[in-house]
Amino acid sequence: MEEKVDGKRKKNKIKIVFISILIILIIAYAGYAAWQLFAHPTDVFLVEEGSISEEQKAEGYIIRNETKVQGNNYKNGMVQIKAEGEKCAKDENIFRYYSSGEDDLVKKIQELDEKIDEAQKSDATNSALSSDIKLLDKEIDLRLAEISKNNDIQKISEYKKEIENYITKKTNIVGENSPAGSYLSNLIQERKNYENQLNSGSEYIKAPMSGVVSYKVDGLEDVLTPNDFSNYNRSFFENLNLKTGQTIATNTECGKVVNNYVCYIATILKKDQLHDIKQGSSLKLRLSNGDEIPSTVENLTEQTNDDVLVVFKISKDVEKLINNRKISFDIIFWQYSGYKVPNTAIIKDNNLAYVVRNKGGYLDKVLVKVEKENESYSIIDNYSSDELKEMGYNSSDLNVSTKINMYDEIQTIAK
């Protein structure tokens with residue numbers, strides 16, 4: 001009896017040991033699987049259209065063909081005839097300086113206008129004369145209404161000139177036909193004398209060339225010029241002590257005319273940042289506001305300490321760069337669009353690339369063509385049957401799918 005009990009005890013111990021070992025193995029496997037999942041996690045990525053690029057951040061200096069213009073009476077203050085950013089022709093008036101005592105002359109002209117208006121109202125005129133004046137008054141009211149709802153400085157200036165012309169016509173008509181005559185004529189003549197004095201004392205500044213008018217003058221118009229790029233190097237730019245992105249302040253004493261067809265951005269890069277660009281290469285630059293503008297490498301000069309002067313020529317959207325002298329921007333060496341997938345989804349085997357498609361839990365290996373890649377993403381496409389034949393393959397020989405589609409789900413594995 002005791003022998004049977006001892007046998008059962010031994011069997012129970014063996015079972016316990018066996019179960020314990022099994023539990024330990026299961027826990028160990030679960031731990032190993034968890035570690036594997038942690039070390040190599042998988043995720044699902046949706047295939048969609050996208051783009052990738054190779055870029056380099058840089059700081060550059062705006063170089064323009066521009067001419068500063070300033071008259072003798074710059075201390076008197078100025079009146080803009082052409083607004084900031086407005087185009088002008090050569091020899092066209094772009095701004096003028098106030099004449100000496102202009103405020104006093106303007107005040108006298110305004111007082112005379114009031115006297116002339118009172119004389120016109122008190123003067124009885126015939127019906128034909130009255131209709132002409134009413135027509136002029138109507139035109140003046142229309143122009144005043146346009147001024148009240150317009151923010152365009154140029155348009156407002158034009159409307160004011162038209163109003164002045166209508167007032168002059170009105171006073172001439174009344175003066176020539178007024179029975180009282182002499183008093184009104186004297187007022188009109190006095191007004192003309194003040195006007196002539198005002199105009200003769202003003203100094204008008206003409207555009208030395210055609211281009212865009214700007215009043216953002218920083219004193220570097222004759223320093224940063226496109227005449228000779230060989231003068232530019234890292235120390236030259238650093239000695240300018242310019243802040244990146246700082247807007248050039250509006251000057252109240254002078255202006256300038258800028259060539260609006262072309263400008264340049266000069267930057268200093270290291271040799272290993274060039275990405276094989278050469279003089280004449282075309283590429284895009286991305287400004288700090290997100291705008292991308294086309295450019296051409298105008299100059300590429302190797303300097304000391306592995307420095308390379310790169311000058312980009314800009315022939316579009318030049319006006320966008322007038323407000324600044326030093327900017328930050330991205331050099332886009334290349335851009336590629338298509339099916340965008342993470343590099344962690346690409347499996348390379350025997351010079352071929354594959355992705356693993358997840359279709360409702362069923363995993364399917366798909367042969368793909370890698371068009372372009374950067375550090376994080378690749379642009380992929382399908383091989384055509386002709387391309388596969390040229391490579392010496394038939395789709396049946398490969399024993400994998402050869403077509404990836406938009407919105408396919410693919411596996412990614414962290415490496």
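Here, each number is a calculation from the coordinates, and none is a lab measurement. Being a predicted model, the structure only gives us computed values, none of them experimental. Virtual Cβ from ideal backbone geometry, glycine too; neighbours counted across all protein chains shown.
Can you tell me the mean projection area, over all orientations, of the convex hull of the range 227-269's alpha carbons? Units nm², please. Walk me through the intermediate numbers first.
Numbers: hull surface 18.7 nm².
Averaging across all directions leaves 4.7 nm² for the Cα convex hull.
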Report task. Be a star and scan the range 291-334 for residues whose amide nitrogen sits under 11 Å from the point 7 Å along the Cα-to-Cβ vector of Glu59. Result -> 326-329
Requested in this report: Determine which aspartates and glutamates satisfy two conditions relative to Lys134: a Cα distance under 20 Å, and not lying fewer than 8 residues away in the same chain.
Outcome: Asp113, Glu114, Asp117, Glu118, Asp123, Glu146, Glu162, Glu164, Glu176
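Return the FRET efficiency for the residue pair Lys90, Ser376: r is the Cβ-Cβ distance, R0 is 60 Å, and the value is rounded to the nearest 0.05.
Working: r = 52 Å, r/R0 = 0.87.
Once the sixth-power term is evaluated, E becomes 0.70.
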Report task. Quickly work out the Ile133-to-Ala145 label distance, labels modelled 7 Å from Cα along the C-beta direction, and quote it in nm with one decimal. Result -> 2.2
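Which loop GluC sites (Glu not before Pro) in the range 248-298, with loop taken from DSSP, have no more than 15 other Cβ atoms within 10 angstrom of their Cβ? Show your work: numbers first, answer last.
Values: sites: Glu253, Glu292, Glu298; in loops: Glu253.
Counting only loop positions with at most 15 other Cβ atoms within 10 Å, the GluC sites (Glu not before Pro) in the range 248-298 are Glu253.
Can you tell me the FRET efficiency between Leu352 and Ser210 if r is taken as the Cβ-Cβ distance and R0 is 60 Å, rounded to the nearest 0.05?
Numbers: r = 59 Å, r/R0 = 0.99.
That pair, Leu352 with Ser210, gives E of 0.50.
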Report summary line: Here the FRET efficiency for Asn231 versus Lys271, based on Cβ atoms and R0 = 25 Å and rounded to 0.05, is 0.75
